[in-house]
Amino acid sequence: MTETQSAKTQSAIRLTGLTKEFGRVRAVDDVDLEIAAGEFFSMLGPSGSGKTTVLRLIAGFEQPSRGGIELFGRDVTRMAPFDRDVNTVFQDYALFPHMSVLDNVAYGLRVRGVAKKERLERARKALANVRLEHLAARKPTQLSGGQRQRVALARATVVEPKALLLDEPLGALDLKLREQMQVELKQLQRDLGITFIFVTHDQEEALTLSDRIAVFNAGRIEQLGTPSDLYERPASRFVADFVGTSNLFDAELSAAVLGRQGHHSIRPEKMTVGAETQLGDGLRNAAGTVVEAIYLGSGIRIVVDLDAGPRVSVLEQNVRGRVRADEHGDRVIVSWHDDDVVSVTGTPIGQQNPTPTAAVRTVPGISG
């Protein structure tokens, strides 16, 4: 096996029993994780879940209380950040306002003692990778938010790190620009072929970009898998609720509505609303009353109080031929297929002493 082939098959990052405590607060709790070389890997979770602390531990900005960190087979647990062969992109870009775009990108090479001719050539190539070579002479203040983010990416990648760490880099951008940057970020990662580790609280962002995702909760990994794994087969109520929107049923309501034991989840788009009972193998039906129909542009979200007790959310596509115009108070039949009901654990893995939760998680902003 050649050295290049070996590099492609080894892990980029391995975390073993990683723990970080701040006083009495355990921000990261015994995390084991392995990230492949060349992978676009996301750490997803709410504020305070531990995802950013893990990124800072990998970067060397924090020291673990216990556990180990390996980068490409080398133990870097106690190494300084500049010895780790990784680079970090932050949400605030951290560009030097008095320098040109080209000089900003070349700065890391300058610090490393790279000759001027070589560093400027490499900086221009890095700018070309993000399609900004025509703006090399401008100052950061003369750029848009998306352009400044691309400069930050060029500066981080010009030093050719083995892994790039991204701490919510798109959080300050508006929706349209963020969606555009998601496409560009994924393309850049493919072109460079290096490991990207991406921290975000935005589940759609994680689903769009990632090869795999670790969902963090209370300092632990709640679930690890591909985007489709997490969305289609959530392991716990926490994941079903945090990754997308779900109708969540506790044990009592699962028995009453679904005819099943334990906790379960059904995605809103897996349910339909109609005037009549749907017949067919595996189909289930429940009568209810429309609370609200919310026009979303590409779809319509219908909130229904089922006669059996819970409130559910149904998402239907806004397609030609849809003749129903559901209104408050309409009597309807909600239907779903048995195969779309997912069994989940009732207690989040990342919580030692979970507080009682509502029987069904409904549409944000609509009281139950």
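Some notes on this structure:
- Subset of region 295-307 that is surrounded by 15 or more Cβ atoms within 10 Å (Cβ to Cβ) and out of contact with any Ser or Thr (no Cβ under 9 Å at 6 or more places or on another chain) - its residue that is nearest to residue 256 (Cα to Cα): 300
- Selection over region 190-203 of residues that are more than 16 Å from the chain's Cα centre (by Cα) and assigned to a helix (DSSP H, G or I) gives a count of 3.
- Answer from 262, 282 - the residue that is touching a strand residue (DSSP E or B) at 6+ places or on another chain (Cβ under 7 Å) and surrounded by 14 or more Cβ atoms within 10 Å (Cβ to Cβ): 262
- One residue from 103, 29 being in a helix (DSSP H, G or I), in the same structural domain as residue 146 (by TED's automatic domain parsing) and of a type outside the set (A, V, I, L, M, F, W, C): 103
- For region 46-68, the tally of residues that are part of a loop (DSSP other than H, G, I, E, B) and on the phi > 0 side of the Ramachandran plot stands at 3.
- Qualifying residue in region 167-175 (condition: modelled with pLDDT of 90 or more and closer than 23 Å to residue 10 by Cα): no
One line per residue, one yes/no per condition, for (1) modelled with pLDDT of 95 or more; (2) under 22 Å from residue 336 (Cβ atoms):
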residue: 212; (1), (2): yes, no
residue: 216; (1), (2): yes, no
residue: 227; (1), (2): yes, no
residue: 231; (1), (2): yes, yes
residue: 253; (1), (2): no, yes
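- Boolean, residue 119 is over 16 Å from residue 164 (Cβ atoms), of a type in the set (D, E, K, R), surrounded by 18 or more Cβ atoms within 10 Å (Cβ to Cβ) and assigned by TED's automatic domain parsing to the domain that holds residue 162: yes
- Residues that are outside any strand (DSSP E or B), at pLDDT below 90 and more than 18 Å from residue 246 (Cα to Cα) occur at least once in region 295-307.
- Members of region 204-254 that are in a helix (DSSP H, G or I), among the hydrophobic types (A, V, I, L, M, F, W, C) and touching a residue at least 60 places away in the same chain (Cβ under 8 Å): 206, 209, 238, 239, 240, 242, 251, 253
- Members of region 130-142 that are crowded, with 18+ Cβ neighbours inside 10 Å and within 11 Å of residue 154 (Cα to Cα): 130, 132
- Residue ID - nearest to residue 149 (Cα to Cα), chosen from residues in region 69-89 that are outside any loop (DSSP other than H, G, I, E, B) and aliphatic (A, V, I, L, M): 89
- The C-beta contact set for region 23-36 (first residue on the phi > 0 side of the Ramachandran plot, second residue part of a strand (DSSP E or B), distance under 6 angstrom, 6+ apart or interchain) comprises 30/17; 30/19.
- Within region 61-88, the set of residues being buried (at least 17 other Cβ atoms within 10 Å of the Cβ) and farther than 22 Å from residue 219 by Cα comprises 72, 84, 86, 87.
- Looking across 185, 177, 153, 166, one residue alone is assigned by TED's automatic domain parsing to the domain that holds residue 100, crowded, with 18+ Cβ neighbours inside 10 Å, free of Cβ contacts under 8 Å to residues at least 40 places away in the same chain and hydrophobic (A, V, I, L, M, F, W, C). It is 185.
The values are calculated or read from the model by the stated rules, or taken from the named source; none is laboratory data. None of the values given here were measured: they were computed from a predicted structure. For neighbour counting, all protein chains shown are included, and Cβ atoms are generated from backbone atoms with ideal geometry for every residue, glycine included.
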